[in-house]
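Here is the structure we will look at.
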Amino acid sequence: MSKRSRKKTTPTDSVPPSSQAAASRRGFLKGGGMMLAGGAIGGGNLAVARAAHSFGSDTIKIGLVGCGARGTRAAIEALHTTGGETQLVAMADVFADNLHAAYRTIRGKHPHNVDVQDTRFIGLEGYKQVFASDADVVILATPPGFRPQHFEAAVDAGKHVFMEKPVATDAFGVQRILSANAIAKQNNLAVQVGLQRRHEARYQQCIKRLHDGVIGEPLFARAYWNGSGVWVRPRTKDQSELDYQIRNWYYFTWLSGDHIAEQHIHNLDVINWVMKGHPNEAQGQGGREVRRGPDHGQIFDHHMVEFTYAGGATLLSQCRHIKGCSNRIGEYIHGTKGTADLSGGILFDANGDRIWEFGATDVKAGRGTPQLQVDLFAALRRGEIPNEADEAAHSTMTAILGRIATYTGKVVHWDTAIKDRSRLADTDVIRSLSDQAPVYPDQGGTYPIAIPGIG
């Protein structure tokens, strides 16, 4: 392994003056000012050379882009994998406080596997410096709206990738992911996505039996992610609009895709896995029943969608963020010869008798989130190149299809929606927190919100 370049740079305008000063005081804003090599997507030479190497017991170097809770956890789990050394060699986040908290947390768990003294980068373009480091694998865990451009840049830099779901927030972003992944596959770059159910034994064993025909042909499916909702981060004095929206990314469609995409995608991905493909169309309804204020941005608090798959199989999908309601998270399949409780790992015959159950004593054991990193790093050490990006892109588009259906109140067809070239936001031109935000509230503080039946 080559040593990392550690050329210092000065702070960029991606950092607000107050953050720059704080970063300088804590010694954060350091590191290589190298630009990405290779130009456009598909440079390829570095990627091919990298992919030809089986890591074995060698050190695998990791770069982290997005230092929130999920990125921090993913980095810790990656450093915890066995079979050889791992080392965190670069970090980036838009916000200094996120980066500092992640650094302390990760170093606290793995004090001997963190070497980022002068490779911590702050600002919207910090990801470029992580990709210019000698990281072998990069973790992409920023708000999903930035995922397509980050994935393209990571592939261009010849990095193996772990990226969180969803992989985009609009159809154009899905197109970018699929195009970049075609290059990743040509260059033998591993790409793994945070759809952890695909790495859980009970789902793997259950769905194998479904594909073997144990309950016959699937006719009808149900999928749920009904819960209480997530955090709100209050607006602070002198905060820019873009800063506020990125801090509260969950509530802005251009950043999260709405909770049908950011969260319910897990369940939709499972159904696509069972059906061996994506739905052909969707129709549904949703709205904002309790989250109506300006602090809840643009997204709906409930969606109910009917998806239709090839051959006529139907999925009834529910997701809701409303406190005090009956909650359910899970997936169910009704077949010609029986039914399946996928989340419970149980199969039933046509009479309702249990015919198979996942063998773990606690069905919650062996959750797939840590297993994502275990499987990725084990594969790389064996010289294997797993790639999950196409399936993840299709599941992301499934969620987007459902969102379009609830936002418009119309029947939406896959073949039409996937070709849409419009964008919720042009994230490529957003380089500083002082830049214009893609959406703004009206004088009453209300953001643009979809109204079904209009337009």
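How much mean residue ellipticity at 222 nm does the chain get from its helices, if each DSSP H run of length 4 or more adds -39500 (n - 2.57) and you divide by all residues, to the nearest 500 deg cm²/dmol?
After summing the helix terms and dividing by the residues of the chain, the value is -9500 deg cm²/dmol.
Quick one: length gained pulling Ser240 to Ala201 fully straight, 0.36 nm per residue minus the C-alpha distance?
9.5 nm
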Give the long-range amide H neighbours of Glu281: residues separated by 5 or more places, or on another chain, with amide H under 5 Å away, using H modelled in the peptide plane at 1.01 Å from N. Thr308, Trp414
Rounded tilt (10° steps) of 171-186 against the dominant C-alpha axis of the chain: 70 degrees
What's the magnitude of the charge dipole for the chain around its Cα centre, counting Lys and Arg as +1 and Asp and Glu as -1 at the beta-carbon? Answer in Debye, nearest 20. 1080 debye
Pop out the ³J(HN,Hα) list for segment 314-320 in order, Karplus 6.51 cos²θ - 1.76 cosθ + 1.60 with θ = phi - 60°, rounded to Hz; leave Gly and Pro as x. 10, 10, 9, 10, 10, 9, 8
Can you give the angle from 0 to 90° between the axis of helix 69-79 and the longest principal axis of the chain, with both taken from C-alpha atoms, to the nearest 10? 80 degrees
List every residue whose amide H lies under 5 Å from the amide H of Glu388, counting only residues 5 or more places away in sequence or on a different chain, with H placed 1.01 Å from N in the peptide plane. Val191, Gln192, Val193
By DSSP, what percent of the beta bridges with both residues in the chain are antiparallel, rounded to the nearest 5? 50 percent
Sequence-distant or interchain residues sharing an amide H contact under 5 Å with Arg328, placed H: which? Asn226
Taking only Cα atoms, what is the 0 to 90° angle, nearest 10, from helix 147-156's long axis to the longest principal axis of the chain? 60 degrees
Of Lys165/Lys208; Lys208/Lys276; Lys61/Lys128, which sit over 19 Å apart, Cα to Cα? Lys165/Lys208
For segment 198-209, take each phi angle, set θ = phi - 60°, evaluate the Karplus expression 6.51 cos²θ - 1.76 cosθ + 1.60, and give the result in whole Hz per residue in order, putting x for glycine and proline. 5, 10, 9, 4, 5, 5, 4, 5, 5, 6, 4, 5
Gain in span if fully extended, Lys337 to Ile449, counting 0.36 nm per residue against the direct Cα distance: 35.9 nm
Residue-wise, which Karplus ³J(HN,Hα) couplings in Hz belong to segment 101-109, taking 6.51 cos²θ - 1.76 cosθ + 1.60, θ = phi - 60°, and x for glycine or proline? 5, 5, 4, 5, 5, 5, 5, x, 7
If you find the alpha carbon centre of segment 297-323 and of segment 63-114, how far apart are they in angstrom? 34 Å
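Since every read-out is calculated from the coordinates, none of them should be taken as a lab result. Remember, predicted model here, so these are calculated numbers, not experimental data. Here Cβ is always computed from backbone atoms with ideal geometry, including for glycine, and neighbour counts include all displayed protein chains.
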